[in-house]
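Trainee: The structure that follows is given in the form of structure tokens.
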Amino acid sequence: MSGFTGFIDQKTDNPQTVVCDMLDKIKHRGPDGQDYYSNTGSNADSGTSIAMGVCHLQVTNEVPTMFNEDNSLVMAFSGRIFNYQELKDDLEKRGHKFQTGNDSEVVIHGYEEHQEQFFSQLRGMFSFVLYDIRKEELVGVRDPFGIKPFYYYHRPDTFLFSSEIKSFLAHPNFQKELNQSALKPYLSFQYSVLDETFFKDAYRLNPGEYLRYKEGMFEKHSYSELIPSRIRKDYHALKKELAGILGESVKLHQQISDVDIGGYLSGGVDSSYVVATAKPQQTFSIGFEAQGFDETELAKDLSETLGLQNFTQHLSGDDFFKTLPDAQYFIDEPHANLSIVLLLKLSKMTSKQVKIALTGEGADEMFGGYNEYRDEGMSALYAKLPLALRSFIGKRVESLPRFKGKNSLMRYSARVEDTYFGIANIMSADEANQILADSFKSDLTPADIVRPYYDKVKGFDDVAKKMFIDLNFWLPKDMLLKADKMSMANSVELRAPLLDKEVYNLASTISVSELIKDGETKHIFRDITRAVLPVDWAKRRKLGMPTPFAKWIREERYYGQVKEIFNQDFAGQMFNLPAINALLDDHYSGKRNNGRKIYVVYAFLIWYKVYFLK
């Protein structure tokens, strides 16, 4: 099962028709079949209705079930349970009878046996709802990493749930309203960061959480937290153990399939390791035509070395601007990671060959892969100066024009808790307020949002703290979100074997000194990859999926497209038009590089047109 949706509300006429309409909005997640359940509660006076639907992406010959043996529990499930066989064996010993060989069925029986204590036993990627028909109680669950999305909408007498927000649009009680408080933090993080989404009263269930809903009463709990220890330094023993667990996870993620599995492949070490270990027959790569923004030749070279077939596509600026509205639609909320267009196009190309693709997400957050974790040269020396002196210097240079090294001076001018809130870091709270319309301004800062997470890792060094922030913000709310939504838009199931519970359990114990060593990020992981990759691949620094947006908008035609939307009436309801036009014009003239700041505004306006003006 690859997508679900449903609702509990005061009696709805034709609940199955409504849930079918809701499911139709997300049918791209599972075009191979659909199942439904609907019922009016046993309490006739309450008039409560429950309905849920699932859409299937069929990758095995097994047909999934929504029910337990006596039809007292019904489930709508999205994802995969990779340790289902060992869980199933245990449950059968306890007397449970399975109707299918599908991996998701262990969830129904596991919950029957262990209730919410079962959730932490699951190894995989998942979000699901379970409805106890006798108790008239709903439980919703999301995996510890947030690989699979889960949204809910809560208002008096109405509770909606789904893999994607867009399905809520088909429910008659859903009131589509912009959550104004979400815009300012988005301008800093480049993604929707609050628990309440950009749609008023619509929320995301966070990774490792479950919810319970009964008779209008709602509660939410955590069943898993990814708190590291960072205590182990026995390098050679760690390397051997980690190599074994990584290899096992790759093999595990190739199971539960009766169809061919491909692999996404860039020029980076993460996806290259997965492909070299799994050896799928087909790999898929994408890049831009602009020089310096294309890693496809590297991917092609590795595929040839490994004897694999590589499919490659190149995009132009026209392709990017034409595809962006579709990408903003499928991702549900405004998202300013430039790579979402690449991923949408990549999954479309992939879908013509396979239904499942392996990918390399998670290694950077677990093994210390981002350049922001590494201090070198003068930066390392400067970071050792007393905080009071660095703070003084930072305040003095803050108002100065941009110069080489200014960002480093600002970054080290305060505690990491006050300056680091993730990889993107598009603009400060003050900069966001300067470009927003008055009604959208607030005192909320990025530091306010991440502070509760920093509180969980007090006493850790700065690098470990940064990694923890990215594991809880950047990874689930940016990287995994775009991976899921862009692939599922084209009915492709992505699997991330590096982002595995057992891999994390070991990786979280490794000291930072073994993760980042002699200026090399992901040191221990790179060392492991040398056993399966050419030497040059193991050394490569992370590029991501670079996109030449900043270069394009210095061309008149693309500058004109952005300029047009920056001056439409609806943009003025949310932004200070002279301020955002100044950002654009200064960039166009070469006065400043405002590319990312321009894009975070532009992406939001495109999203708003898609969801509110059409």
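Trainee: Any chance you could count how many residues in segment 81-101 are surrounded by fewer than 19 Cβ atoms within 10 Å (Cβ to Cβ) and over 18 Å from residue 144 (Cα atoms)? So that I can check it myself, show each step before the final result.
Mentor: Keep residues of segment 81-101 that are surrounded by fewer than 19 Cβ atoms within 10 Å (Cβ to Cβ), which gives 83, 85-86, 89-90, 92-101.
Subset that is over 18 Å from residue 144 (Cα atoms): 85-86, 89-90, 92-101.
Residues that pass the stated criteria total 14.
Trainee: Identify all residues within segment 240-258 that are open to solvent by less than 70 Å² (accessible area, probe 1.4 Å) and at pLDDT 95 or above; write none if there are none. So that I can check it myself, show each step before the final result.
Mentor: As a first pass, look at segment 240-258 and keep what is open to solvent by less than 70 Å² (accessible area, probe 1.4 Å): 242-247, 249-250, 252-254, 256-257.
Hits for segment 240-258 are 242, 243, 244, 245, 246, 247, 249, 250, 252, 253, 254.
Trainee: Sort out which residues of segment 334-392 are modelled with pLDDT under 95, surrounded by fewer than 15 Cβ atoms within 10 Å (Cβ to Cβ) and not in a helix (DSSP H, G or I), and write them in order of number.
Mentor: 376, 384, 385, 386
Trainee: Does segment 395-411 contain at least one residue that is hydroxyl-bearing (Ser, Thr, Tyr), under 26 Å from the mean Cα position of the chain (by Cα), in a helix (DSSP H, G or I) and modelled with pLDDT under 95?
Mentor: Checked segment 395-411: no residue is hydroxyl-bearing (Ser, Thr, Tyr), under 26 Å from the mean Cα position of the chain (by Cα), in a helix (DSSP H, G or I) and modelled with pLDDT under 95.
Trainee: Out of all the residues in segment 34-69, which are modelled with pLDDT of 85 or more, hydroxyl-bearing (Ser, Thr, Tyr) and farther than 17 Å from residue 163 by Cβ?
Mentor: Once the filter is applied, which keeps residues that are modelled with pLDDT of 85 or more, hydroxyl-bearing (Ser, Thr, Tyr) and farther than 17 Å from residue 163 by Cβ, segment 34-69 yields 38, 49, 60, 65.
Trainee: Go through the residues of segment 175-190 one by one and say whether even a single one is closer than 25 Å to residue 130 by Cβ, acidic (Asp, Glu) and in contact with an Asp or Glu (Cβ under 9 Å, 6 or more places away or on another chain). Full working, then the answer.
Mentor: Within segment 175-190, the subset closer than 25 Å to residue 130 by Cβ is none.
Within segment 175-190, not a single residue is closer than 25 Å to residue 130 by Cβ, acidic (Asp, Glu) and in contact with an Asp or Glu (Cβ under 9 Å, 6 or more places away or on another chain).
Each row is one residue, and each column tells you yes or no for (1) in a loop (DSSP other than H, G, I, E, B); (2) basic (Lys, Arg); (3) open to solvent by 20 Å² or more (accessible area, probe 1.4 Å); (4) farther than 30 Å from residue 328 by Cα.
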{"residue": "113", "(1), (2), (3), (4)": "no, no, yes, yes"}
{"residue": "120", "(1), (2), (3), (4)": "no, no, yes, yes"}
{"residue": "141", "(1), (2), (3), (4)": "no, no, no, no"}
{"residue": "146", "(1), (2), (3), (4)": "yes, no, no, no"}
{"residue": "154", "(1), (2), (3), (4)": "no, no, yes, no"}
{"residue": "160", "(1), (2), (3), (4)": "no, no, no, no"}
{"residue": "168", "(1), (2), (3), (4)": "no, no, no, no"}
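To keep it simple, each residue is scored yes or no on (1) touching a residue at least 12 places away in the same chain (Cβ under 8 Å); (2) in contact with a Phe, Trp or Tyr (Cβ under 7 Å, 6 or more places away or on another chain); (3) under 23 Å from residue 521 (Cα atoms).
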residue: 248; (1), (2), (3): yes, no, no
residue: 264; (1), (2), (3): yes, yes, yes
residue: 271; (1), (2), (3): yes, yes, yes
residue: 274; (1), (2), (3): yes, no, yes
residue: 284; (1), (2), (3): yes, yes, no
residue: 298; (1), (2), (3): yes, no, yes
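Trainee: Among the residues of segment 170-206 satisfying the criterion of being within 21 Å of residue 146 (Cβ to Cβ), aromatic (Phe, Trp, Tyr) and not in a strand (DSSP E or B), which is nearest to the chain's Cα centre (by Cα)?
Mentor: Filtering first and then ranking leaves 191.
Trainee: Hey, among 2, 38, 78, 104, which residue is open to solvent by 30 Å² or more (accessible area, probe 1.4 Å) and under 21 Å from residue 139 (Cα atoms)?
Mentor: 38
Trainee: Same structure again: Filter segment 485-505 for residues that are open to solvent by less than 10 Å² (accessible area, probe 1.4 Å) and either outside any loop (DSSP other than H, G, I, E, B) or not hydrophobic (A, V, I, L, M, F, W, C) (or both) and give the result.
Mentor: 485, 486, 487, 488, 493, 495, 497, 500, 503
Trainee: Still on this structure, I have one more. Please indicate, with yes or no, whether at least one residue in segment 214-226 is hydroxyl-bearing (Ser, Thr, Tyr), assigned to a loop (DSSP other than H, G, I, E, B) and over 16 Å from the mean Cα position of the chain (by Cα).
Mentor: Yes, that holds for at least one residue.
Trainee: Let me ask something else about it. Working only within segment 242-265, note down all residues that are assigned to a loop (DSSP other than H, G, I, E, B), of a type in the set (A, V, I, L, M), closer than 21 Å to residue 84 by Cβ and touching a strand residue (DSSP E or B) at 6+ places or on another chain (Cβ under 6 Å).
Mentor: 256
Trainee: Within segment 319-358, which residues are over 23 Å from the mean Cα position of the chain (by Cα) and farther than 30 Å from residue 178 by Cβ?
Mentor: Result: 352, 353.
Trainee: In segment 281-295, how many residues are modelled with pLDDT of 90 or more and either of a type in the set (S, T, N, Q) or open to solvent by 10 Å² or more (accessible area, probe 1.4 Å) (or both)?
Mentor: Residues meeting the conditions: 5.
Trainee: Which number in (1) under 30 Å from residue 441 (Cα atoms); (2) in contact with a strand residue (DSSP E or B) (Cβ under 8 Å, 6 or more places away or on another chain) marks the one condition that residue 558 misses?
Mentor: Status for residue 558: all satisfied but (2).
Trainee: List pairs: first in segment 429-454 and part of a helix (DSSP H, G or I), second small (Gly, Ala, Ser), Cβ under 7 Å, 6+ apart or cross-chain?
Mentor: Pairs found: 429/188; 432/188; 434/579; 435/579; 446/188; 446/429.
The values are calculated or read from the model by the stated rules, or taken from the named source; none is laboratory data. From a predicted model like this one, the values you see are computed outputs, not experimental measurements. Because the Cβ atoms are built from the backbone with ideal geometry, glycine has one as well, and the counts that use them run over all protein chains shown. With ligands, DNA and RNA removed, areas are computed over all heavy atoms of the protein, side chains included. Shrake-Rupley method; radii C 1.70, N 1.55, O 1.52, S 1.80 Å.
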